[in-house]
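Participant: There's a structure below that I have some questions on.
The values are calculated or read from the model by the stated rules, or taken from the named source; none is laboratory data. Worth saying up front: this structure is predicted, and the values here are computed from it rather than measured. All Cβ positions, glycine included, derive from the backbone under ideal geometry; neighbour counts span all protein chains shown. SASA here: full protein model, heavy atoms, side chains in, ligands and nucleic acids out. Shrake-Rupley method; radii C 1.70, N 1.55, O 1.52, S 1.80 Å.
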Amino acid sequence: MGLTSRHLLGMQGVPAEDIQLILDTAKTFREVLERPIKKVPTLQGKTIVNLFFENSTRTRISFELAQKRLSADTVNFSTSTSSTKKGETFKDTVRNIEAMKVDMIIVRHESAGVPTFLTKISKANIINAGDGRHEHPTQALLDMYSIRERLGKLEGLKVCIVGDIAHSRVALSNIYGLKAMGAEVSVCGPATMIPRDIQKLGIRVYHDIDRVIAEHNVLNVLRIQLERKAGTSIPSVREYHKYFGITAERIEKYNNNIVILHPGPINRGVELTSEVADGPYQVILDQVTNGVAVRMAVLYLLGTMN
Ligand code: CP
């Protein structure tokens, strides 16, 4: 039994069985990461290109480590040192990389839809590492893994995604993935940061963070994406923090069993305080560790299906 698609472009339409398979496979790789020698020969002979057209710390390093842990040959592409600076088109860049016989392409791009476009011009397996405001599927998978690790299940859990939903690819991937796994999903934030009609995805919308903390098992707290003009949706980050910031006082008053996730990078003192970011309710660095295992699982399952 394997995955139903040879690409991972998003969580939309990914069946629960595929998600379950990825999470269960990741659990095996998570154990490999605890060994003194954290390496298996699974993808020996496979060549993987990391094509990052946008900044990244966690996702790029995590994919690269996952590839090395699986013994694949990896190449990193950086826009700042590539011939795109001389005017080469995206399509020509990809065709030239493809001509070097690569098996998989991991792509992050500021434009939504680029990973899907790549499937039309390349024979490689394509994995979306974040495309514009669209999707970030491996982030949602590692979030689900981390929730399941902490709470033992996903089905029936009440999970709220808090913050800048409108500018977030993490939100959409989490909504699709969590719903497929039977969680009750909601979003919370200022009205200006919640897309109109988002309820049509089968989720609830809240604007009262105290009520959200009281009524949910998990909060996935998103970064206010100032670089994507999120700052124009709120009067000030101070005001955002006052009404929607996650603080230890709020957690202790309303629900000290809550589990806090954050995909990173964190704006300390904006979406959550340092006390929460480093405190007992969060699993933020577990998410990062689990991200390597989840990406190993995705690479393994896609890389061995050809
Ligand atoms: N969570 C996430 O995608 O972080 P990076 O932008 O650092 O990869």
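Participant: For the peptides 281-287, 59-65, what is the packing order when you average, over each peptide's residues, the other Cβ atoms within 10 Å and list the highest mean first?
Facilitator: 59-65, 281-287
Participant: Hey, another quick one. I need the per residue convex hull volume for segment 99-225, using only the alpha carbons, in cubic angstrom as a whole number.
Facilitator: Taking the convex hull of the Cα positions in segment 99-225, it is 120 Å³ per residue.
Participant: Still on this structure, please answer the following. Helix 284-303: angle to the longest alpha-carbon principal axis of the chain, degrees 0 to 90, nearest 10?
Facilitator: Rounded to the nearest ten degrees, it is 30.
Participant: Does anyone have the angle between helix 137-151 and the longest principal axis of the chain? Alpha-carbon axes, 0 to 90°, nearest 10?
Facilitator: Approximately 50 degrees, to the nearest ten.
Participant: Please identify the trypsin sites (Lys or Arg not before Pro) of segment 121-181 that satisfy two criteria: DSSP loop assignment and at most 15 other Cβ atoms within 10 Å. Which are they?
Facilitator: Details: sites: 123, 133, 148, 150, 153, 158, 169, 179; in loops: 123, 133, 153.
Qualifying residues, ordered by number: 123, 153.
Participant: Then there is this: Which angle between 0 and 90 degrees, to the nearest 10, do you get for helix 58-69 versus the longest principal axis of the chain when only C-alpha atoms count?
Facilitator: Orientation of helix 58-69: about 40 degrees from the principal axis.
Participant: Average the reciprocal distances over every distinct pair of alpha-carbons in segment 167-211, invert the result, and give the Kirkwood radius in Å. Each step should come with its number before you reach the end.
Facilitator: Values: mean 1/r = 0.0905 Å⁻¹.
So the Kirkwood estimate lands at 11.1 Å.
Participant: OK, next. Report, in whole Å, the centroid distance computed from the Cα atoms of segment 30-66 and segment 147-176.
Facilitator: 24
Participant: Also, quick follow-up: From the C-alpha coordinates alone, can you work out the Kirkwood hydrodynamic radius of the chain, in Å?
Facilitator: On the way: mean 1/r = 0.0505 Å⁻¹.
This gives a value of 19.8 Å.
Participant: Can you give the calculated 222 nm mean residue ellipticity of the chain, where each DSSP H run of n ≥ 4 adds -39,500 (n - 2.57) and the sum is split over every residue, rounded to the nearest 500 deg cm²/dmol?
Facilitator: It comes out at -11500 deg cm²/dmol, rounded to the nearest 500.
Participant: If you don't mind, there's one more thing I want to ask. Please report, as a whole percent, how much of the solvent-accessible surface of segment 137-287 comes from carbon and sulfur atoms (probe radius 1.4 Å).
Facilitator: Whole-percent figure for carbon plus sulfur exposure: 48.
Participant: Select from segment 185-228 those trypsin sites (Lys or Arg not before Pro) which occupy a DSSP coil region and have at most 10 other Cβ atoms within 10 Å, ordered by residue number.
Facilitator: Filter output for segment 185-228: 196.
Participant: Arrange the peptides 105-112, 266-273 so that the one whose residues have, on average, the most other Cβ atoms within 10 Å appears first.
Facilitator: Ranked by mean Cβ neighbours within 10 Å, highest first: 105-112, 266-273.
Participant: In debye to the nearest 20, how big a dipole does segment 137-287 give about its Cα centre with +1 on each Lys and Arg Cβ and -1 on each Asp and Glu Cβ?
Facilitator: Values: 18 positive and 17 negative charges, 79 e Å.
Computed charge dipole of segment 137-287: roughly 380 debye.
Participant: Nearest 20 debye, what's the magnitude of the dipole of the chain about its Cα centre given +1 on Lys and Arg Cβ and -1 on Asp and Glu Cβ?
Facilitator: Rounded to the nearest 20 debye, it is 660 debye.
Participant: Let me ask you something else. Give me the accessible area per residue for the chain, probe 1.4 Å, as a whole number in Å².
Facilitator: Result: 45 Å² per residue.
Participant: Compute the separation of the alpha-carbon centres of segment 226-305 and segment 74-115 and state it in Å as a whole number.
Facilitator: Measuring centre to centre over Cα atoms gives 30 Å.
Participant: Debye sum, Cα scatterers, segment 137-287, no solvent: what log₁₀ I/I(0) at q = 0.12, 0.17 1/Å?
Facilitator: The calculated log intensity ratios at q = 0.12, 0.17 Å⁻¹ are -0.42, -0.90.
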